Amino acid sequence: MTGRILMTEDCIAEGVAWLSLREPRFAAAHALTGPPPLRRRPEGFAELMAAILGQQVSTAAAAAMRVRTEAAGLTTAAAVAAADEAALRACGLSAAKIRYAHALARATLDYDALAGLTDAEVIVTLTALPGIGRWTAELYAMTSLGRADVICAGDLALQEAARLLFGLEARPSERALRLMAEDWSPWRGVAARLLWSYYRHAKGREGTA
């Protein structure tokens, strides 16, 4: 079973209502930010590569790399596989990102089949690829596959938003946030969207996704 898929704004509203009853601080965050966006993205190679571009860089840097790769026509697996290092470097990719982009482009990943896997199976399948860690896999599961109960707990913006919203002394670790999020199941993906919105409200800038 794949679990609930976030398809529309109504799905988000249902999740927000559940979370607001479960945790009053989510209700307070929602009152400040309004409904969080759906944040759905297409499935496929281009989006997974975009997630790789976003690893360990600012949202602005990731966006700049994405604009350059799109302008260069490097949006398909075939194009990236055929591109030399100089072409990818000109788009702003580091040596590590170039290796990971080539590995993804040359992998035989069945993107259509991912939609039929459980959340855990999606994460296992994606993290088996070079350069794709749990953050990247969970971000893809959340935004491209729309999994309602996935949260990328390694995301720094989510950790910081949790610190602020829950009045924590320090930013929670990935493990600590994952433990916190157990209480938000089966709507952890909506909780993440609320936290991203709260981060934007508190910091005046976007976090991830």
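The values are calculated or read from the model by the stated rules, or taken from the named source; none is laboratory data. Computed from a predicted structure; not experimentally measured. So basically every Cβ, Gly included, is an ideal-geometry build from the backbone, and we count neighbours across all protein chains shown. With ligands, DNA and RNA removed, areas are computed over all heavy atoms of the protein, side chains included. Shrake-Rupley method; radii C 1.70, N 1.55, O 1.52, S 1.80 Å.
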Over the chain, the sum of -39500 (n - 2.57) across DSSP H runs of at least four, divided by residue number and rounded to 500 deg cm²/dmol, gives at 222 nm -17500 deg cm²/dmol
Rounded to whole angstrom, the alpha-carbon centroid of the range 30-107 lies from that of the range 135-191 at a distance of 22 Å
Might you tell me the accessible area per residue for the chain, computed with a 1.4 Å probe and given in Å²? 47 Å²
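For the chain, what is the charge dipole size about the Cα centre, in debye to the nearest 20, if Lys and Arg each add +1 at the Cβ and Asp and Glu each add -1 at the Cβ?
Dipole of the chain, to the nearest 20 debye: 560 debye.
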Against the longest alpha carbon principal axis of the chain, how many degrees, from 0 to 90 and to the nearest 10, is the axis of helix 9-22 turned? 50 degrees
Charge tally in the Cβ shell below 9 Å around Gly154, where Lys, Arg are +1 and Asp, Glu are -1, Gly154 excluded: -1
Compute the helix-to-body angle for 134-143: its Cα long axis versus the longest principal axis of the chain, expressed 0 to 90° and rounded to tens. 70 degrees
If you line up the long axis of helix 188-203 against the longest principal axis of the chain, both from Cα atoms, how many degrees apart are they, to the nearest 10? 90 degrees
Put one equal scatterer on each alpha carbon of the range 71-126, apply the Debye formula with no solvent term, and list log10 I(q)/I(0) at q = 0.12, 0.20, 0.26 1/Å to two decimals. -0.35, -0.76, -0.98
In whole percent, how big is the carbon plus sulfur part of the accessible area of the chain, probe 1.4 Å, protein atoms only? 55 percent
Dmax and Rg, reported as Rg then Dmax, of the range 122-209 (C-alpha, Å): 12.6, 37
Gly44 neighbourhood, Cβ < 12 Å, K/R = +1, D/E = -1, net charge -3
